[in-house]
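Everything below concerns the one structure shown next.
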Amino acid sequence: MSPNSETMSIFSPRLAARLDALVQKYPVKRSALIPMLLYAQDEIGYLSDAVIAAVADRIGITELEVRNVATYYSMLRFKPAGKFNIQVCTNISCMLRGAYDLYERFQDELGIGHKGVTSDGVFSLEEVECIGACCWAPAIQVNYDFLDELNPDSVPEILSKYRSAAKSAGEASHA
Amino acid sequence: MADVTFTVDGKKLTAAAGTLLIEACRKAGIEIPAFCYYPGLSLQAACRMCVVRQEKVGKLQTACTTTVAEGQVFITESEEIAQARKATIQMLLGNHPLDCPVCDAGGECEVQDMTFKYGAGESLYAEAKQHREEQQWSPAVYFDRPRCILCYRCVRMCGEGMDVWALGIQNRGVTSVIAPNEGDHLDCEQCGMCIDVCPVGALTSGSYRYKTRPWEMTHVSTVCTHCGDGCKVTLGIRQSNDGSEIVRADNRDKGGINGDFLCAKGRFGFDFVESPDRLNTPLVRNTQGKLEPATWEHALTTAANKLKEIRDNRGGSAIGVIGSNRTTNEENYLLQKFARTVLGTNNIDHQRTADYAAFARALAGQSGKTAGLRDIGAAPAILLVGGDPTQEHPLLAWALRTDVRLNRARIYVANARNIKLERQAKAVLHLTADGYHNLAATLDAGSNDFSKAVLAEESLVVVLGPECPGTAIESLVAWGLKRANVKFALLGDHTNSRGAADMGLFPDLLPGYIPVSTPAAFAEYPGLQAGAGKTLPEMLIAAGANQLDALLIVGADPVATTRMASESLKNTFVIVQDLFLTETAALADVVFPAASLYEKSGTVTNAFGDVQLVKKAADRAGVKSDFEILVRLANAMGIEVKSLVPFSKRGTSADLGQTRGAQAGEADRSAVWLTANNLEPRLSPFDPLAILDEIARLVPGYELDRMNLYAGNDVRTELGATPGFVPVSALHNSSLIAPAHDTLFTSGTLGQYSSALHELEEHQKNDVATTAAD
Ligand code: SF4
Ligand code: SF4
Ligand code: SF4
Ligand code: FES
Ligand code: FES
């Protein structure tokens with residue numbers, strides 16, 4: 001059974017309040033489905049079975065219907081990604097300006113392929129379609145950060161920057 | 001809407017403005033291929049097979065979404081269109097295995113037909129086909145993913161049609177896939193509707209898959225033997241070692257009262273006929289007190305001699321007869337005629353599942369006041385009092401849902417339980433368990449929103465569930481009769497409860513609810529007793545008190561249903577006609593193996609008074625229809641069979657019967673009518689239809705439209721046709737009524753012997769159990 005959203009929400013109070021507000025915003029509750037999934041994924045990291053059940057419960061539709069919609073979108077995922085999800089665009093503009101070399105370099109450095117996650121859980125890698133940054137191709141997106149006009153040699157620096165961010169965040173959370 | 005005129009392939013057509021082009025063309029005999037379009041379901045426009053050229057429009061248009069308007073001009077077949085359709089098929093076949101030689105759908109597959117027609121058998125794609133293993137989603141539903149053409153028919157049927165929403169579609173593009181609600185299996189009503197609408201062999205049925213090919217079967221349209229709704233079902237028959245067997249049940253013939261619909265019982269629950277527990281030889285209790293196989297002759301003589309002896313020495317009142325809810329009208333009629341004229345007793349009853357006698361009494365003298373299923377399916381407003389149609393009357397539930405969806409009908413639910421149909425209801429009134437009595441008063445008062453809404457309706461069908469006691473039936477019918485445009489229906493269980501009541505399986509009422517005390521036309525029955533006989537419980541009590549010497553039980557299991565002590569039948573000579581060795585049959589002295597509804601012909605009347613023809617489909621060595629058994633029993637008692645069943649002796653040379661009285665010439669009249677209509681005359685006393693003339697003549701409401709009946713259409717019988725007044729009788733009280741409360745997977749005795757239904761029930765039970773444990 002889906003958890004009772006009142007008593008044992010799997011979401012933070014802030015997210016729960018945000019989702020409640022979202023549902024009110026549309027004439028039909030289910031219109032809030034996609035933003036709800038996205039926000040829930042941002043907090044939990046992926047669309048776990050529990051997230052799907054909780055969202056279905058809040059909107060009053062079946063879990064199957066939530067999955068019908070969620071599986072359509074490549075930006076919604078059903079397995080945990082790394083702490084930093086690197087999305088490398090290989091669409092035409094980026095491709096013409098060396099996106100494949102960039103993507104290959106990421107694969108070499110991280111030792112993972114498309115949709116892979118590093119063993120320490122810090123990074124995941126994805127080859128994606130156009131992210132709307134064509135003017136500054138080749139571009140990538142790390143979580144919500146845009147990095148552009150890259151070349152393969154920018155990769156080590158990008159990785160070490162995020163690695164240390166992960167480290168300090170880890171220390172902060174242990175302190 | 002106003003009619004408009006438009007041109008299709010050079011022909012001028014007329015249709016209401018706003019009609020879908022594809023429908024307008026179908027009506028005019030112009031076929032437009034369509035994979036995703038399905039009449040009655042929402043439009044999908046997913047397949048592009050129905051493309052046509054519309055004048056002055058740049059691109060090809062989909063006929064399944066184009067609505068007709070004045071002056072339009074269309075072309076439905078051309079080089080360009082054929083090319084477009086061929087391209088569509090090529091895309092569909094990109095992953096489709098074309099394994100027609102082993103596919104269940106081969107021979108009745110829409111993709112196969114279209115591939116033949118437009119010729120895209122050779123693919124231009126270089127990519128390898130992706131194979132996926134078939135999946136079993138439930139005992140009834142299997143999925144072969146590569147064959148799926150993503151038409152969404154199954155998704156819409158399950159959601160919109162069944163209101164179950166168990167199927168979805170996941171991913172997108174080439175990876176799109178139909179998915180069941182529980183990940184790898186289905187938690188649903190197991191109706192098989194998704195299999196039925198699937199245009200290809202992607203969804204296949206557990207009971208039929210890999211068994212045969214469609215052209216190897218004979219297809220017989222008959223009536224489902226399970227609930228009281230009486231769906232028309234097409235049985236696929238094949239020769240077997242001991243006769244012919246049923247391989248499949250579906251509804252190829254969509255002209256019945258059920259249209260597209262069949263539930264799990266109608267579709268999968270036919271396998272009881274093949275049960276190894278079926279009786280296939282008569283049994284007679286030997287001197288050691290053991291039931292042992294016997295010849296028909298021995299069993300018939302034993303039973304006949306005993307009945308004769310008891311009747312002659314102790315009188316007919318020492319014999320009781322219990323009839324069935326699932327035998328045909330002809331058999332029920334014959335049974336009561338046999339009881340009343342041969343055995344000389346009014347001790348006859350059946351297990352009543354709804355109070356049709358009270359219903360008939362409330363409606364006596366009224367005409368046009370009962371609603372058939374077709375009326376309900378088109379009614380603008382329905383008041384549903386009691387009952388849980390989704391479980392107990394699946395077709396009624398389907399008709400109501402469809403009526404809401406397509407005609408915006410309004411349903412009002414007054415019930416002591418919470419039922420699924422509330423989801424379609426405009427208003428719901430929760431009653432206490434005995435609140436049905438006061439409902440009429442509540443409605444009249446008009447003091448709550450529910451009754452206000454009901455009172456505001458200009459016409460209404462009141463559907464009375466089985467838990468409505470006789471008093472509630474009477475008060476609600478009286479309430480409705482005061483208003484204009486109110487029709488009624490009363491929900492009985494099993495395939496022919498209504499027929500059993502209509503045909504007079506009552507101790508005090510003759511066929512047509514005519515009191516035995518004032519028998520009117522039935523005065524011609526020789527030896528008819530005027531006093532009421534014993535009810536079913538009274539017969540059992542009398543048997544226990546050694547006051548009933550013989551009991552003839554046809555298609556009923558009173559020992560099980562009344563939970564009576566088995567010793568109480570110790571001193572009664574019990575004769576049972578049944579399919580199985582039921583608890584009652586096990587105590588009997590003589591047991592006759594009876595044919596099931598799928599193995600005989602006749603007519604049945606559903607709960608709503610729709611009469612339909614039952615056609616013999618399967619055949620089984622060793623069994624006989626209850627009709628034939630009764631005729632043989634009467635014959636063995638020395639009765640002139642023709643007095644019981646007026647069958648024709650001389651075939652087509654018939655006399656009109658004037659010289660020998662109405663009854664004597666009856667069969668010949670039947671023969672005249674039959675030959676005039678190019679039908680075969682009834683030449684055998686075992687032909688149940690030979691007695692239809694007598695039923696038509698004597699039983700009020702049963703002067704049926706026989707041409708339509710024989711053509712396989714449903715025809716109406718009128719309850720209110722009983723002239724005058726049906727008296728209130730002490731023999732009718734609610735303690736005699738026991739609704740079956742069958743579910744989607746149970747069906748009285750028959751259900752117990754259906755392994756298909758058992759498996760479905762288990763599957764659903766386990767599913768509920770695992771979900772609850774999560
Ligand atoms: S069997 Fe019936 S209820 Fe189950 S998925 Fe198919 S259509 Fe839906
Ligand atoms: S399974 Fe059959 S009905 Fe369902 S989408 Fe596929 S082809 Fe259509
Ligand atoms: S609804 Fe009733 S009559 Fe129709 S298929 Fe199901 S059990 Fe048979
Ligand atoms: S093509 Fe890469 S961002 Fe648009
Ligand atoms: S039938 Fe028209 S698009 Fe499928």
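The values are calculated or read from the model by the stated rules, or taken from the named source; none is laboratory data. Please read these numbers as outputs of a predicted model, since none were measured by experiment. A quick note on method: Cβ atoms are made from the backbone with ideal geometry, for glycine too, and the neighbour counts reach across all protein chains shown. The protein model used for the area step is the full one, side chains on, heavy atoms only, and it has no ligands, DNA or RNA in it. Shrake-Rupley method; radii C 1.70, N 1.55, O 1.52, S 1.80 Å.
For the stretch B:356-491, what Kirkwood radius comes out of the mean inverse Cα-Cα distance, in Å?
Details: mean 1/r = 0.0687 Å⁻¹.
By the Kirkwood definition, the hydrodynamic radius is 14.6 Å.
Sort largest first and round to whole Å: the equivalent ellipsoid semi-axes of the stretch B:273-342, each the square root of five times a Cα gyration tensor eigenvalue. Please list the in-between numbers first.
Values: eigenvalues 111, 85, 19 Å².
Semi-axes from the Cα gyration tensor: 24, 21, 10 Å.
Roughly how many Å is it from the Cα centre of the stretch B:219-237 to that of the stretch B:134-191, as a whole number?
Cα centres, the stretch B:219-237 to the stretch B:134-191: 26 Å.
About the Cα centre, and with charges only on the beta carbon of Lys, Arg (+1) and Asp, Glu (-1), how big is the dipole of the stretch B:356-491? Nearest 20 debye, please. Mind showing how you got there, number by number?
Values: 15 positive and 12 negative charges, 79 e Å.
Taking the Cα centre of the stretch B:356-491 as origin, the dipole is about 380 debye.
Could you pull the accessible area for residue A:134 with a 1.4 Å probe, rounded to 10 Å²?
60 Å²
May I ask you to give the average projected area over all directions of the convex hull of the Cα atoms of the stretch B:3-90, in nm² rounded to one decimal?
On the way: hull surface 21.6 nm².
With every direction weighted equally, the projected area is 5.4 nm².
Please list B:437, B:96 from largest to smallest accessible area, probe radius 1.4 Å, with all protein chains kept in place. Show your work: numbers first, answer last.
On the way: B:437 85, B:96 10 Å².
If we order B:437, B:96 from most to least accessible, we get B:437, B:96.
Is there a simple number for the mean count of other chain Cβ atoms within 10 Å of the Cβ of residues in B:174-183, and what is it? Mind showing how you got there, number by number?
On the way: counts 0, 1, 2, 1, 0, 4, 1, 5, 2, 4.
Per-residue shielding by partner chains comes out at 2.
Going out from 0 in 10 Å bins, what whole percent of all Cα-Cα distances in chain B drops into each bin?
Pairs per bin, as whole percents: 3, 13, 21, 23, 19, 12, 6, 2, 0, 0.
Among B:264-273, B:733-742, B:148-157, what's the highest-first ranking by average C-beta atoms within 10 angstrom per residue?
Working: B:264-273: 26.1, B:733-742: 17.1, B:148-157: 23.2.
Descending packing order for the listed peptides: B:264-273, B:148-157, B:733-742.
Count, for each residue of B:163-173, the Cβ atoms from other chains sitting within 10 Å of its Cβ, then give me the mean as a whole number. Write out the running numbers ahead of the final one.
Numbers: counts 0, 1, 4, 2, 2, 9, 5, 7, 5, 4, 1.
Other-chain Cβ atoms within 10 Å of each residue's Cβ, averaged: 4.
Round to the nearest 10 and give me the degree value, 0 to 90, for the angle of helix B:79-92's Cα axis relative to the longest principal axis of chain B.
70 degrees
Over what distance in Å are the Cα centres of the stretch B:513-582 and the stretch B:336-359 separated?
About 8 Å separates the Cα centre of the stretch B:513-582 from the one of the stretch B:336-359.
Against the longest principal axis of chain B, how steep is helix B:666-676, in degrees 0 to 90 to the nearest 10, with axes from Cα atoms?
Around 20 degrees separate the two axes.
Considering the dipole of the protein assembly as shown built from charges on the beta carbon (Lys and Arg +1, Asp and Glu -1) around the Cα centre, which of B:90, B:363, B:607 is farthest to its positive end?
Going by the charge dipole, the pick is B:363.
Per-residue Cβ counts within 10 Å, from other chains only, averaged over A:61-73: what number is that? Numbers along the way, then the final one.
Numbers: counts 1, 6, 4, 14, 4, 1, 7, 7, 2, 1, 9, 6, 1.
Mean shielding count: 5.
Ordering B:193, A:75, B:707, B:1 from largest to smallest accessible area (1.4 angstrom probe), what's the sequence? List each step's numbers first, then the result.
On the way: B:193 0, A:75 125, B:707 90, B:1 180 Å².
Accessible-area ranking of B:193, A:75, B:707, B:1, largest first: B:1, A:75, B:707, B:193.
Stretched out fully, how many nm does the piece from residue B:422 to residue B:65 gain, at 0.36 nm a residue minus the Cα gap? All intermediate terms of the calculation are to be shown ahead of the outcome.
Values: separation 357, 0.36 × 357 = 128.52 nm, distance 3.14 nm.
Separation in residues times 0.36 nm, less the Cα-Cα distance, equals 125.4 nm.
For the stretch A:84-174, compute the orientation-averaged projected area of the C-alpha convex hull (one quarter of its surface), in nm².
5.4 nm²
Largest first and to the nearest Å, give the Cα extent of the stretch A:13-70 along each principal axis.
Projected onto the principal axes, the Cα atoms of the stretch A:13-70 cover 26, 25, 14 Å.
Quick one: longest stretch of chain B between exposed loop GluC sites (Glu not before Pro), exposed meaning at most 16 other C-beta atoms within 10 Å and loop per DSSP? Intermediate results must be reported in sequence, preceding the final value.
On the way: sites that count: B:31, B:55, B:70, B:77, B:108, B:122, B:127, B:133, B:134, B:458, B:640, B:703.
The longest such stretch corresponds to B:135-457.
Compute the semi-axes of the equivalent ellipsoid of the stretch B:216-340, taking the square root of 5 times each eigenvalue of the Cα gyration tensor, and list them largest first in whole Å.
On the way: eigenvalues 267, 85, 26 Å².
For the stretch B:216-340, the semi-axes come out at 37, 21, 11 Å.
Order B:226, B:430 by their accessible area, 1.4 angstrom probe, all chains in place, largest first.
Working: B:226 5, B:430 105 Å².
Sorted descending by solvent-accessible area, the residues read B:430, B:226.
Positive end of the dipole of the protein assembly as shown, charges at C-beta (+1 Lys, Arg; -1 Asp, Glu), about the Cα centre: which of B:119, B:255, A:32 has its Cα farthest in that direction?
B:255
Can you pull out the GluC sites (Glu not before Pro) in the stretch A:145-175 that DSSP calls coil and that have at most 16 other Cβ atoms within 10 Å?
Values: sites: A:149, A:157, A:171; in loops: A:149.
Sites meeting the loop and neighbour criteria: A:149.
Using Stokes-Einstein with the Kirkwood hydrodynamic radius over Cα pairs, what translational diffusion coefficient do you get for the stretch B:335-417 at 25 °C and a viscosity of 0.890 mPa s, in µm²/s rounded to a whole number? Before the final figure, lay out the partial values.
Values: Rh = 15.6 Å.
The calculation lands on 157 µm²/s.
Mind jotting down the three principal axis lengths of the protein assembly as shown based on Cα atoms? Whole angstrom, largest first.
113, 72, 63
Over all directions, how big on average is the projection of the convex hull of the alpha-carbon atoms in the stretch B:38-197, in square nanometres? Working shown, then result.
On the way: hull surface 43.8 nm².
In nm², the orientation-averaged hull projection of the stretch B:38-197 is 10.9.
Dipole magnitude of chain B about its Cα centre, charges +1 at Lys/Arg Cβ and -1 at Asp/Glu Cβ only, in debye to the nearest 20?
Values: 74 positive and 90 negative charges, 227 e Å.
Once rounded to the nearest 20, the dipole reads 1080 debye.
Name the residue, out of A:138, A:27, A:156, whose mean-square fluctuation peaks in a Gaussian network model built on chain A with Cα pairs under 10 Å.
Checking each option, the largest mean-square fluctuation is seen for A:27.
For chain A, what D do you get in µm² per second when you plug the Kirkwood radius from alpha-carbon pairs into Stokes-Einstein at 20 °C and 1.002 mPa s? Write down the numbers at each step before the final one.
Values: Rh = 17.7 Å.
The calculation lands on 121 µm²/s.
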